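The values are calculated or read from the model by the stated rules, or taken from the named source; none is laboratory data. The model shown is predicted, which means the values in this text are computed figures rather than measured ones. Every residue, glycine among them, receives a Cβ derived from its backbone with ideal geometry; neighbour counts consider all protein chains shown.
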Amino acid sequence: MNFVSQLPISIVIVPLTVAVLISVLLSSNKKAAFTVSFLAMLFCFVSALLITITVSMKGSFAYNVSGWAPPWGIEIVVDRLSSFMVLLINLVGLLAVIFSKDYVERKLDSKKIPFYYVLILLLLGSMTGFVLSGDIFNMFIFFEALSLSSYSLVAISGDREALRAGFKYLIMGMISSLFVLLGLGFIYSVTGTLNFNQIALGVGKLSDFTVIYTGALLLITAFAIEAALFPLHVWLPQAHGRAPAPVSAILSGLVIGVGIFGIIKVVYYILPVVYSAGFVVIFRSLASIGIILGAIFALFEKDLKVILAQSSISQIGFAALGVFLFSYLGLTGSILQILNHALAKSALFFSAGAIIYGTGFKRLDEMRGIGKKMPITMGLFAINLASIASIPMTCGFVSKYLLCLGAIKQGLWGLVGIILLGSFLSILYCVRIINCIFFEEPKFKVEVKEAPLGMLIPLGALTILTVIFGIYPKIAFILIEPGVKEILSFLR
Amino acid sequence: MTQTINYMVLPVAAVVLPAIIGFAIFFTGRNKKLREFLSLIAALLSLFFVATLYFVLMQGNTDICFPICLGQDFTLCFRADWLGMFFAGITSFLWLVSVPYSLKYMEIKSSDSEGRFFGFFTLSAVSAIGVTMAGNMLTLFIFYELLTVSTYPLVIHTETPAAVRAAKKYLIYLLIGEILILFAVLSTPGFGEPRAFSKIGVMFPGIGPKMLLFIFFSYIVGFGIKAAIFPFSNWLPTVSVAPTPVTGLLHAVAVVNVGVYGIMRVILNVFGVELTRSMGVGVVLIFISSATIIYGSLMALSQDNLKKRLAFSTVDYVSYSILGVSLLNPAAFVGALLLLVNHAFLKLSLFFCAGAIDIQTEKTEVSELSGVGCKLPFVSTCFAIGSLGLIGVPLTLGFVGKWYLWRGPLETNQPGVIGVLIAGAILCAFYLLYVVYVLFFGQSKVSLNCDGKLSWLICLPIGIGVAGGAIFGVFPKLLLPLINPIISCYFGG
Amino acid sequence: MLNSASSNLIYIASIILFLVGFYAVAARPNLIKKIIGINIMETSVFLFLIGIGTKKNGAVPIIVEGVKNYINPLPQAVVLMALVVGVGTTALSLILAVRLSESEKEERQ
C-alpha cells in the first residue's frame, strides 16, 4: 500500500520528467527517444494497472503532494472513476507510442521525431494529471499543458493545412482555458476553496446559487470546447483529420473523453440542484444535435480521417448525453461510451494511419478495395467500425444500450429517438466505409502490403479489448459501477 | 449434478462452437479443402446439438436454460424450449443440406473471396439458430441484429452495382426494423432477466393501453420487416441478386423464419395470448397478412425473373404462417407451423433448382426457360413436385398445413379470411404452375447449351428438400410430436 | 447606483476588456491581431481574478504583528501561474502564426 500510494504522483511526474530529459539529452537520437518514452509509458501503464487494482479493492485514496493538506497543498485524488480513466489513458497512450515508431519514421522529418515523443509524453502525462487533480486550479494547469502539447502535435508535420488546423484549435483552446480560469474565479469567490470535495460541501451551505451557476457553466463550456460538443466542435474535424495518425488516435480517443470527464466532475461536484434547472434541457438538446449532425457530416466527408473525426463528434455526443441524464444508467453508459470510443476510435485512427503509412491514401475513394490487399489490418478496422456502429458483441452496443435504457426509464422519449437515430446513422456511415474498403475491386496501382507488426500489435490489442468488453461487459461494469455510485452520491 | 450441468450448456454450445468455426473459416485463405471441411463440421455440430436438445426435451426436461449475467438489466440467456427448438431444427437441418450445394455453387461461380463468403454464411446460420435459442428478448435481439449484419456481406458478395444497391436497401429496411425492436425490447419489463419467456407473457405494470399498442406494433413492424409483411416486403425480392445459396437458405429459410419466430414470441411470450386477444390487435394482423398474401402472389405473377418470382412467392407464403399465428387459434397455429416447415423445405429446393438451371443454362428469366425440362429432367421434376407441394395438393405437407389453417377461420367464423386463403391458393397455383408449364411444354426457340450433367452435390440437396416435403406430407404424424407440446404450452391442451 | 458602479469598477473594466479582446479574436482575420485579442482577454480575466481577492484597505498577505486585514493571496497565486502559462501559449501561437504566414508566402511564389 505504501508503495502504491506513491504511484499516483509518479505516474504524472515520470512522463513529464522524461519528456524534459528527452528534449535536453536525446534531441538528436530518435531511437533512444522512442525507447525511453516507450519505457516511461510502460511504467505508467503498469502503475495505472496497480492503482486501479488497489482502488477497486481498497477504495479511493488521496495523495497530498509534499505533505501539504488540501486547502493549501496540491491534492491528488485517486477515486474509482479517475483510476479507471488513468488506466484507459495510459493503455491507449502506450499503444500509441508503440504505433508511432514506424509511422513517424516514414511520415515525419527525422529532426522532429524526438520532439514528437516529447510532446506525446507531455500530452499523456498532463492528461493523467488532469484526471487525477483534486482541485480546479491543478486541473487548469494540466489542462493548459495538455492543450499546448496537442496544438503542437496537430501542427507538427508543418504543412499548411496542419498549421491552419493547429492554429484554429489553438484559438479555441486558449478561449477554453480562459473560461476555466474565469469559472474558477467565480467558484472561488463564493466557496473560498478550489478543492472539489470542499466545493461540494460548501455549495450546500449557499443561499444564492447565481454565482456558482455562472462559474459551473463557464467550466462546462470550457470543457465542452475540449470535448467538442456541438456548437463548439468546429475545430475538431480539421485538427483530428490533419494531425499524424497516432496523434489523432490520442486526440480523438482520449482528449475529448477527458473533456467529458471534466464535465462530469463539474456537473456532479459543483452544480447545485441540477434536476430542476432548465439548462439541463439545453445541454441535452445540444448533445442530441451533435450526435445527429456529426453522423450526417460523416456520411458526406471524403477524407477517411475527417470522417472518423466527424464521427467522434457524434460519438462523444452520446457520452455527453449520458452525463446530462443524471441517472445511474446514463452515467454508466456515458463512461462506457468514453471507454468504447477510446478503444475503437483510436484503433480506427491506427488503421487509417496504417493505410497512410503503406500507401499514402487519405481519401476514401482512393482506397477502394484495399481490404482485399491488407485483410488483417482492415479486418480489425471493420471490427472497430462495428463497435462505433454499435453492433452487438462489441463495446459500442453495450454503451448505447445503457444510454437508451436510461432514457426510456426516465421517460425521455425524444432522447430515445435521438439515440436510436444516432446509432442508425452511425451504422450508415460505417457501412459506407466498409463498402468502399471491402466490396470494391482494387483499382490502385501501388503495391500494397500488410501493415508492419509494430502497427498491428496496438491495433490488435485495442480490437481484442473492444470485443472482450462487448462480449463480457461485466469486467467494465465491475470497474465502473462503484465509481458511478460514488459520484452519484454527490448529486443533490 | 453433472448430468444437469451437461445439458444446460447445450444451447450455448450449439451457438458458440459453430460460431468459432465460422470465425476460423475466415482464415482458411486458399486452403479450399479445409474450408469445405470446416463449413460441413459447423453445420453438423449445430445439427448434432439441436438433435441432442430435442432428445433432452423429450425426456421431459423443460427447463434447459443457461443465463450469463453481464450486469444490471443485461443478462444473456440461452434456452431451449419446444417452439425455439422447432425453428432451430428446421434451420440447422436445412443448413446442413445446403452446405454441399453452396460449396459446389460457389466453386462453379468462382470468386476469390470464398473465405469471406463461407465465414459469413456459417455465422449467419449460427445467428439464426442463436435467435431461436434465445431465452430472453435481449438475447433474441442481439442475435437478430447479428443475423442482419452477417448476411449483409453475403448479399453484397458479387460486388456488382446491383448487388451493392440491393445490399444497401436490405440493410436500411432491416435496420429500421431493428431500431423499432430495440425500442420495444427496452420498453418491455424484464427483457433482460434470465427467464423472461413465460407462457402467459410478461406483465406491463404502469404502461397505458396506448403505449402498450405502440410497443406491440413496434415489435410487429420490426419483426414483420424481416418476415417481409406487406408494405415492407420489397427488400426480399431485391436481394435475390445474391448468390443462390444465400437467397435459398438465408432469405427463404433462416431470415424470414426468424421474422415469423419473432412475431410468435411477441404474441405468445411477451404479450401472451390473453393480452393479445384483449387488445384486439388480431384483426389488424390478419388484415396485414392477408394483404401480404394477395400482394405477394400478384407480384409473383408479374415477375419474369425466376428468382424474383420465387422471392415474391416467399413473401406470399410466409404470411400464411403469420396469419396462422394471428388467428390465435390452436388449429390455425398448427397450420402455421406445418406450413413453415413445408415452405422451408420446398422453397429451399425451388431456389436450388433455379440456381441449378442458372448454372447449366445461364438463364434466369422464366420466358427463356422453355424446354429446360427435357435437358434437366431431374431438376425440373423436383421443381414441379416442389411447386405442387407449395400449392398444397393432397398428399403434400402444404395440403395438411392449409387444412389445419382453414380450421381456424372456420371455428372463429371469419369468412373474409377463407376468401383470402382461396384466392391465395389459386394465385399460388398460377404463378408456380406457369413456370412448370414453361419448363416442360414451352416451345424452345433457342437451343440450350447444356450437357445436362449436374454434380450430385447439387442434386442431392434439391432431392432431400423435395423428399422432405413429400415424406412429411404423407406422414404428417412425424411432425406432430414436435408441435403438440407447443400447442399445449400456449393454448392449454 | 454610482456607488455600486464605482465599487464594481474592476469587474466592469474586465468585462469591457474581455469584449474588446473577443472582438479582436472573432472579427479580425489577421492572425497577430487575433493573438493580441486573446492576450487582452487573458488580461481581463486576470484583472477579474485579482478583483475577487482585493479588500478595502487590505494589507499585503505577509504575516505581520497587528495586521489582520489581508488581501486574499490565492487569486494572486493563480494569476501568477496563469501568467506563466499565458506566456508559453502566446509564444506557441506566435510561432504557429509565423509558420503559417511563411508557408502561405511559399504557396504564393
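Residue count for region B:64-87 under the criterion of being modelled with pLDDT of 80 or more and either more than 23 Å from B:Ile483 (Cα to Cα) or assigned to a helix (DSSP H, G or I) (or both): the result is 15.
B:Ser124 meets the conditions (1) modelled with pLDDT of 90 or more; (2) within 13 Å of chain A (Cβ to nearest Cβ); (3) within 25 Å of A:Cys436 (Cβ to Cβ) in every case but one. The failed one is (2).
For the subset of region A:409-430 comprising residues that are under 24 Å from the mean Cα position of the chain (by Cα) and of a type in the set (S, T, N, Q), which member is nearest to the other protein chains (Cβ to nearest Cβ)? Give the steps one after another, and end with the answer.
First pass over region A:409-430, keeping only residues under 24 Å from the mean Cα position of the chain (by Cα): A:415, A:418-430.
Now narrow it down to the ones that are of a type in the set (S, T, N, Q): A:423, A:426.
Working: A:Ser423: 8, A:Ser426: 11 Å.
Applying the filter and picking the extreme gives A:Ser423.
Take the conditions (1) free of Cβ contacts under 8 Å to residues at least 60 places away in the same chain; (2) facing another protein chain (nearest Cβ under 10 Å); A:Glu447 misses just one of them, which is (2). Does region A:358-375 hold any residues that are in a helix (DSSP H, G or I) and either modelled with pLDDT of 90 or more or in contact with a strand residue (DSSP E or B) (Cβ under 8 Å, 6 or more places away or on another chain) (or both), and which are they? Hit for region A:358-375 is A:Leu364, nothing else.
Tell me, which helices (runs of 4 or more DSSP H) lie completely within region B:219-327 with 3 or more residues that are under 13 Å from the mean Cα position of the chain (by Cα)? Outline the logic, then answer.
Numbers: elements: B:235-238, B:255-265, B:272-279, B:282-301, B:306-326.
Hits in region B:219-327: B:255-265, B:306-326.
So, of the residues in region A:455-467 that are away from chain B (no Cβ under 12 Å) and within 20 Å of A:Lys400 (Cα to Cα), which turns out to be surrounded by the most Cβ atoms within 10 Å (Cβ to Cβ)? Break it down into steps so the answer makes sense when it comes.
So the first thing to find is which residues in region A:455-467 are away from chain B (no Cβ under 12 Å), and the list is A:455-466.
Narrowing the set further to residues that are within 20 Å of A:Lys400 (Cα to Cα) leaves A:462-466.
On the way: A:Leu462: 30, A:Thr463: 24, A:Ile464: 14, A:Leu465: 23, A:Thr466: 27.
Looking at the filtered set, the residue picked out is A:Leu462.
So which of B:Leu174, B:Leu154, B:Leu182, B:Leu186 is closer than 23 Å to B:Asp112 by Cβ and surrounded by 23 or more Cβ atoms within 10 Å (Cβ to Cβ)? Step through it out loud before you land on a result.
Working: B:Leu174 fails: closer than 23 Å to B:Asp112 by Cβ; B:Leu182 fails: closer than 23 Å to B:Asp112 by Cβ; B:Leu186 fails: closer than 23 Å to B:Asp112 by Cβ.
So the residue among B:Leu174, B:Leu154, B:Leu182, B:Leu186 that is closer than 23 Å to B:Asp112 by Cβ and surrounded by 23 or more Cβ atoms within 10 Å (Cβ to Cβ) is B:Leu154.
The condition (being β-branched (Val, Ile, Thr), within 10 Å of chain B (Cβ to nearest Cβ) and assigned to a helix (DSSP H, G or I)) is satisfied by just one residue among A:Ile475, A:Ile433: A:Ile475.
Only one residue in A:Leu153, A:Leu170, A:Leu217 is more than 14 Å from chain C (Cβ to nearest Cβ), assigned to a helix (DSSP H, G or I) and within 22 Å of the chain's Cα centre (by Cα), so which one is that? Walk me through it before giving the result.
Numbers: A:Leu153 fails: more than 14 Å from chain C (Cβ to nearest Cβ); A:Leu170 fails: more than 14 Å from chain C (Cβ to nearest Cβ).
Testing whether each residue is more than 14 Å from chain C (Cβ to nearest Cβ), assigned to a helix (DSSP H, G or I) and within 22 Å of the chain's Cα centre (by Cα) leaves just A:Leu217.
Remark: B:Leu140 matches the filter, which requires a residue to be surrounded by 24 or more Cβ atoms within 10 Å (Cβ to Cβ), touching a strand residue (DSSP E or B) at 6+ places or on another chain (Cβ under 7 Å) and either facing chain A (nearest Cβ under 10 Å) or in a helix (DSSP H, G or I) (or both). Among the conditions (1) part of a helix (DSSP H, G or I); (2) buried (at least 21 other Cβ atoms within 10 Å of the Cβ), B:Leu34 misses just one, which is (2).
Condition first: within 17 Å of A:Asn340 (Cα to Cα) and among the β-branched types (Val, Ile, Thr). Now tell me which residues in region A:423-437 satisfy that. Across region A:423-437, the qualifying residue is only A:Ile427. Only a single criterion out of (1) farther than 23 Å from C:Leu19 by Cα; (2) touching a Lys or Arg at 6+ places or on another chain (Cβ under 9 Å); (3) more than 9 Å from every other protein chain (Cβ to nearest Cβ) is not satisfied by C:Ile36, namely (1). Right, C:Val25: without any contact (Cβ under 8 Å) to a residue 40 or more places away in the chain, of a type outside the set (S, T, N, Q) and more than 10 Å from chain A (Cβ to nearest Cβ) or not? The answer is no for C:Val25. Within the set A:Ala96, A:Ala165, the sole residue that is in a helix (DSSP H, G or I), touching a residue at least 60 places away in the same chain (Cβ under 8 Å), within 11 Å of another protein chain (Cβ to nearest Cβ) and out of contact with any Phe, Trp or Tyr (no Cβ under 6 Å at 6 or more places or on another chain) turns out to be A:Ala165.
Considering each of B:Ile487, B:Ile418, B:Ile462, B:Ile458 in turn, give the residue that is surrounded by 14 or more Cβ atoms within 10 Å (Cβ to Cβ), over 24 Å from the mean Cα position of the chain (by Cα) and of a type outside the set (Gly, Ala, Ser).
On the way: B:Ile487 fails: over 24 Å from the mean Cα position of the chain (by Cα); B:Ile462 fails: over 24 Å from the mean Cα position of the chain (by Cα); B:Ile458 fails: over 24 Å from the mean Cα position of the chain (by Cα).
After applying the criteria, what remains is B:Ile418.
Of A:Ile212, A:Ile199, A:Ile175, all but one fail to be of a type in the set (Val, Ile, Thr) and within 11 Å of chain C (Cβ to nearest Cβ); the exception is A:Ile175.
Is there a residue in region C:40-56 that is away from chain A (no Cβ under 12 Å) and either touching a Leu at 6+ places or on another chain (Cβ under 7 Å) or without any contact (Cβ under 8 Å) to a residue 12 or more places away in the chain (or both)? The answer is yes, given that some residue of region C:40-56 is away from chain A (no Cβ under 12 Å) and either touching a Leu at 6+ places or on another chain (Cβ under 7 Å) or without any contact (Cβ under 8 Å) to a residue 12 or more places away in the chain (or both). Taken over region B:77-113, the criterion of being surrounded by fewer than 22 Cβ atoms within 10 Å (Cβ to Cβ), touching a Ser or Thr at 6+ places or on another chain (Cβ under 9 Å) and within 14 Å of another protein chain (Cβ to nearest Cβ) is satisfied by B:Ser111 alone. Quick check, is A:Phe143 at the interface with another protein chain (Cβ under 10 Å from one of its Cβ atoms), modelled with pLDDT under 90 and assigned to a helix (DSSP H, G or I)? In short, no. Evaluate the following for A:Val448: is it surrounded by fewer than 21 Cβ atoms within 10 Å (Cβ to Cβ) and not in a helix (DSSP H, G or I)? Here the answer is yes, as A:Val448 does meet what is asked. If you filter region B:191-210 down to residues that are away from every other protein chain (no Cβ under 12 Å) and buried (at least 16 other Cβ atoms within 10 Å of the Cβ), you find that the one that is modelled with the lowest pLDDT is B:Ala196. If the condition is being buried (at least 24 other Cβ atoms within 10 Å of the Cβ) and within 21 Å of the chain's Cα centre (by Cα), then region B:393-415 contributes B:Thr396, B:Leu397, B:Gly398, B:Val400, B:Gly401, B:Leu405. Would you say A:Gly483 is outside any loop (DSSP other than H, G, I, E, B) and within 27 Å of A:Val78 (Cβ to Cβ)? Judged against the criteria, A:Gly483 is a match. For C:Lys34, the requirement of being farther than 16 Å from A:Leu181 by Cα, modelled with pLDDT under 85 and of a type outside the set (A, V, I, L, M) is not met.
Between A:Leu119, A:Leu108, A:Leu132, the distinction of being more than 10 Å from chain C (Cβ to nearest Cβ) and closer than 15 Å to A:Val258 by Cβ belongs to A:Leu132 only.
Scoring B:Ile426 on the criteria (1) within 24 Å of B:Val97 (Cβ to Cβ); (2) exposed (fewer than 15 other Cβ atoms within 10 Å of the Cβ); (3) not aromatic (Phe, Trp, Tyr) leaves a single failure, condition (1). Among residues that are at pLDDT 85 or above and more than 12 Å from chain A (Cβ to nearest Cβ), B:Val185 is not included.
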